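The values are calculated or read from the model by the stated rules, or taken from the named source; none is laboratory data. Quick caveat: nothing in here was measured; it's all calculated off a predicted structure. As a convention, Cβ positions derive from the backbone with ideal geometry for all residues, glycine included, and neighbour counts pool all protein chains shown. Remember, those area values only see protein heavy atoms, side chains included, never the ligands or the DNA or RNA. Shrake-Rupley method; radii C 1.70, N 1.55, O 1.52, S 1.80 Å.
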Number of protein chains: 2
Amino acid sequence: MKVINKSDLKSLKRSVDQGTEEQRKAVQEIIAQVKRRGDEAVKEYTVRFDQAVLKSLRVSQEEFEQAYESLEGEMVQILQEAADNIYSFHEKQRSSSWFDSAEDGTILGQKVTPIEAAGVYVPGGTAAYPSSVFMNVIPAQVAGVGRVVMVTPPGPDGEVPAGVLVAAQMIGVDDVYKVGGAQAIAALAYGTETIPSVDKITGPGNVFVALAKREVFGDVDIDMIAGPSEIAILADDHAHASEIAADLLSQAEHDARSSSVLVTTSERLGKAVEKEVQKQLNTLPRADIARQSVENYGMIVLCDSWEEALDTVNKMAPEHLEIVSKEPFQDLGKIKHAGAIFLGPYSSEPIGDYFAGPNHVLPTNGTARFSSPLNVDDFVKKSSVISYSSQALQNNADKIARFARLEGLEAHARAVETRKERWK
Amino acid sequence: MKVINKSDLKSLKRSVDQGTEEQRKAVQEIIAQVKRRGDEAVKEYTVRFDQAVLKSLRVSQEEFEQAYESLEGEMVQILQEAADNIYSFHEKQRSSSWFDSAEDGTILGQKVTPIEAAGVYVPGGTAAYPSSVFMNVIPAQVAGVGRVVMVTPPGPDGEVPAGVLVAAQMIGVDDVYKVGGAQAIAALAYGTETIPSVDKITGPGNVFVALAKREVFGDVDIDMIAGPSEIAILADDHAHASEIAADLLSQAEHDARSSSVLVTTSERLGKAVEKEVQKQLNTLPRADIARQSVENYGMIVLCDSWEEALDTVNKMAPEHLEIVSKEPFQDLGKIKHAGAIFLGPYSSEPIGDYFAGPNHVLPTNGTARFSSPLNVDDFVKKSSVISYSSQALQNNADKIARFARLEGLEAHARAVETRKERWK
C-alpha cells in the first residue's frame, strides 16, 4: 500500500469505466434491436453474450422451488433475518403526503405517490448477490411500487444462482427474467412480449449495463451509475491494525479496481496496517483481486491533525466511511459527504453490506457530494397540490397578472384576470 | 384544436428535442475547451454565440443597482411577496436527520447534509424569467446549500434583464455570471478562474444546455432535462369554457412546441372551448407562437365516462394538471402522475407559475411517472449511519459471516469474525 501525506492527495486514484465510443454504439444497436424485435432480439443476445439457449425467459415456479431446496434451512433463516432488518430500516424512510390550509381558504400541499413499476438488475457471474436483491427490491416495496420486475443474466447452462432466486421469492418477487447486459436494460425500459416495461431501473452492472442505463435515462428513471466499491477508514491511535486491515481487504476483494484508503493521524497505526494487509492477503481466497486493488488503488494517508484527517475524508466523499476514533459520535457532525458512515470499533463495514438494515447501494466515486444511498424516496414521486380560494384569487389576481406581464406572458395574465372578473 | 376520442390517444404528440449527433459533438468540444482553457474559452464562446464582448464575466454591484432602479417599486414588492410565498412552501419540505436506537445498543440512522454548492441556469432572450430565479434558488437556500451560483446569457449589449438581476439580489444571490449555453454548464461543472464549480446544476435551457447537462451528469448532479411546457385540464360540465380556453392558451404561449390538452366528458364544453380558443387567440400578443402550439400539440379528448377521463390523464402524466369538476378533492386520490395539480375553478395554472409557493420546475414529457417538482430534497443528500454495539456484534457476527461466504466474499466474513473474537 502506498503511504502518502495529505498534501499528495491528488495521487488518490479512482477508476471509472466510462466506456468507449465503440461500446456506446454497440449498446445503442442492442437497444434499437430490442425495441424493434422484442423477445427475439433478447434471446439472440443471450445466446451471443451468455452462451445460453433459453426456452423461456421467465424463471419458472419449478426453478424457484429447486433453488429453495438447494439451500440449507439455516441459511434461509439468516437471509430472512437480514430481509427483516432491511424492511425495518426502510419503513422509517417512508414520507407522507401533507398539506397546509391558510385562513383565506387556500390549500397547498404535496401528494406522495409510488412509482407504478420498478426494474432491478442483479448482476450474474461471480457477483451474483442475494443481498443485491434485498437492497434494490425492498425500498421499492416499502414505497408501495405495484410491480417489481427482476432481471439477471443466466449462466451458459441457462440457470440463475440459487441464492438470488431464494432471496427474490422470499420477499415476494416472482417476476424474474433470465436476461443480462444492455439487452436487459432495453427490455425493462421499453418492454417486450414477455418482459414488462418499468418506470425506473436500479441495480449495478458492467460497463454495458451502465452505458445502457445512461442511454435510456429520460425515458425511464435510473439510479446513479455505480463505479467500483470504495472504503475510507478514518482512524486515530485507538484503532486496532488487524481490524482496520481486515476491513480494507473486505473492500479490496470486491474488484481489482476497488479502492481502500486509511486516513490516520497515527504513524504507528499506518505502519502496522500496512504490514497486516500484506499478512492477511496471504491467506485470502480472492488474494489476486485484493492484491491488485490494494496495490493500485489502496492508500494510507498520514495527516498532521485530526482536522486535516476530517478534511481529507470530506474531500474524498467516500462510498463507505468508518470512523474508528476515541469519540466517533463527536466526529459525526463534521462529516459532510459519505454514502454510509460506520461508527466505532464494532461497526465493521460488511455488517452494512448484508445485515444491519441500511441500504448497501451507495454513491461511489465522490458522488456522495450530491447523491444518497438508495432509499424509499427513490421509488415515490411528489405532486404539488394547489387549491386557490376565491378570496385568495381576488386578493392576488392583480399581482399575479403584473408579474406575468413583467415576463411578457400576456395569456398568463389574462387567465387570472378572467377568473377574477367572473368570480367576484 | 384537434378533437379526438380517448381511443385515439396515441395521436397525442409531444415534442422532445434530443439533439443531433452533430450538436452533441459540438457540445463535447465546448466542454473540453472550457475545461482546458477556462475563462478564455468562455469569453470566446460568448462572443460567438451571444455576440457579446465582455470585460468581466461577473455581474457587478453597479449593474445590480441599476437593475433595481429600473424596476417600479410596486413591482419589487410583488416580487418580494412571491418570494416570501415560495420560501414558506419550501420550508415545509425540509427533512431532518433521524436515528433509531435498539435495546442492544445499536444505533441506525440517516444524516441529512446539504449539497455544498449549487448552480442555476437562467435562460436568456425572450424567456428571461425572474420566477425561474426564485424557483431554482429558493429550494437550494432552504436546504442549506452554502453557495448558490447563477449563470445567464447576456444580450449582444453585454447586459442581463433587470428583472432577473433584481430577483437574484432580492434573495441574496450575488454570484451571477454572464454566460449561457453549453459553455455555462461546463463552467459550472468544472470551474474556471472566475466561475466556481458546483455539485449540482438546475434550470432549463435550449437543446445545447440540455445536451451539456447530460454530458456532465455523473461528475455533477443535474435536475431532469426539461421538455416544452404542458398542461392537461380535466373538466366536466361544471367548467366555464372561457376560463379553460384562457388556461390552455397560457400554456400555449410559452413555446410553439408546448402542449395544451383538455380531457372532458362534456361535448358541450369541448365545442365551446374550441371556439373560445380561436376567439381569444385573435387578441394575444404572442398569438403566432400560441397558434402553432395549439394547432400542432393542442387537443380536446372526449371521454365516455369520468373514469375514462381520469385514466386518460394518468396515461399522460402531465406536467400541469387542472381539475375543474364538481368535486375536485374527491378526484385527487385517483391521480397517479402529475407534476402539479390545480384543484377547482379558482386555481388557474399561472397562479402556480409565479405566486402561490410550490415550485414551477416540474417534470415534463410524461416523466411525472417517476419524477417530482424541484424541491428541497434535491439539494440535500443522506448518509446512512451505523453504530453497531458489542452485543449486536456478538449476536450476529456468525450470521453475517455465513451470508458473506454464501456470496463468496471471505474477507468480508473474516472482518466480522476478527472483531467478534477480540471484543468478546
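Report the Stokes-Einstein translational diffusion coefficient (µm² s⁻¹, integer) for chain A, Rh taken as the Kirkwood radius over Cα pairs, at 25 °C with viscosity 0.890 mPa s. Before the final figure, lay out the partial values.
On the way: Rh = 24.1 Å.
Using the Kirkwood radius from Cα pairs, D works out to 102 µm²/s.
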Query raised in the report: Which value, in debye to the nearest 20, gives the size of the charge dipole of the protein assembly as shown about its Cα centre, when Lys and Arg are +1 and Asp and Glu are -1 at the Cβ?
Result: 900
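Where a ≥ b ≥ c are the square roots of the eigenvalues of the C-alpha gyration tensor, would you call region A:25-69 rounded, which needs a/c under 1.5, or, failing that, prolate if a/b is larger than b/c, or oblate?
Details: a/c = 3.09, a/b = 2.48, b/c = 1.24.
Taking the square roots of the gyration eigenvalues as a ≥ b ≥ c, region A:25-69 is prolate.
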Query raised in the report: What shape does region B:22-109 have by the C-alpha gyration tensor, where a ≥ b ≥ c are the square roots of the eigenvalues, rounded means a/c under 1.5, and otherwise prolate means a/b greater than b/c and oblate the rest?
Result: oblate
Query - Per residue, in Å², the accessible surface of the protein assembly as shown once ligands and nucleic acids are set aside, probe 1.4 Å - result: 37
Query - Average Cα contact separation per residue, chain B, under 8 Å, 6 or more apart, as relative contact order % - result: 21
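Taking N as the number of residues in the protein assembly as shown, what value does Rg over Cα atoms divided by 2.2 N^0.38 Å take?
Numbers: Rg = 27.9 Å, N = 848, 2.2 N^0.38 = 28.5 Å.
Relative to the 2.2 N^0.38 Å estimate, the protein assembly as shown comes out at 0.98.
Taking all protein chains in place and a 1.4 Å probe, what share, in percent, of the accessible surface of the protein assembly as shown do carbon and sulfur account for?
Values: 14940 of 31580 Å².
Of the solvent-accessible surface of the protein assembly as shown, carbon and sulfur hold 47 percent.
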Query raised in the report: For the charge dipole of region B:39-168, defined by +1 on Lys and Arg C-beta atoms and -1 on Asp and Glu C-beta atoms about the Cα centroid, which residue among B:P114, B:P153, B:Y68 has the Cα displaced farthest towards the positive pole?
Result: B:P114
Query raised in the report: Which residue, B:G163, B:G146, B:G298, has the most motion in a Gaussian network model of chain B that connects Cα atoms within less than 10 Å?
Result: B:G146
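Take every DSSP beta bridge with both residues inside the protein assembly as shown and express the antiparallel ones as a percent of the total, to the nearest 5.
25
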**Report entry** A:S384 - accessible surface, heavy atoms, 1.4 Å probe, Å² rounded to 10
**Finding:** 10
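How large is the Rg to Rh ratio of region A:93-134 when both quantities use alpha carbon positions and Rh follows Kirkwood? Please list the in-between numbers first.
Working: Rg = 19.8 Å, Rh = 14.5 Å.
The Rg/Rh ratio comes out at 1.37.
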Report summary line: For the table A:K275/B:K382; A:K279/B:K420; A:K213/B:K200; A:K43/A:K213; B:K35/B:K213, the rows whose alpha-carbon distance is greater than 25 Å are A:K275/B:K382
Report summary line: Inter-part gap, Cα centre of region A:272-336 to Cα centre of region B:137-213, in whole angstrom, is 37
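When each pair of different Cα atoms in region B:75-152 is counted once in the 1/r mean, what is the Kirkwood radius in angstroms, to one decimal? Spell out each step's value before the answer.
Details: mean 1/r = 0.0670 Å⁻¹.
The Cα-based Kirkwood calculation yields 14.9 Å.
Indicate the gyration tensor shape class of region A:226-338 (rounded, prolate or oblate), computed on the Cα atoms with a ≥ b ≥ c the square roots of the eigenvalues: a/c under 1.5 is rounded; otherwise a/b larger than b/c is prolate and the rest oblate.
On the way: a/c = 2.14, a/b = 1.41, b/c = 1.51.
Oblate, because a/c is 1.5 or more while a/b does not exceed b/c.
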Report task. Report the residue, chosen from A:L343, A:L332, A:L281, that carries the largest GNM mean-square fluctuation when chain A is represented by alpha-carbon nodes joined by springs under 10 Å. Result -> A:L332
Query raised in the report: What aspartates and glutamates sit close enough to B:K399 to cross-link, taking a C-alpha to C-alpha distance under 12 Å and skipping anything fewer than 8 places away on the same chain?
Result: A:E74, A:E81, B:E417
**Report entry** Surface accessible to a 1.4 Å probe, B:Y190 within the full protein complex, Å²
**Finding:** 60
Report summary line: Chains B and A: accessible area buried, summed over both chains, 1.4 Å probe, nearest 100 Å², reads 10900
Requested in this report: For the protein assembly as shown, build the charge dipole from Cβ charges (+1 Lys, Arg; -1 Asp, Glu) around the Cα centre, then report which of B:S305, A:I31, B:I231 sits farthest towards its positive end.
Outcome: A:I31
Query raised in the report: Ratio of Rg to Rh for region A:21-222, alpha carbon only, Kirkwood?
Result: 1.04
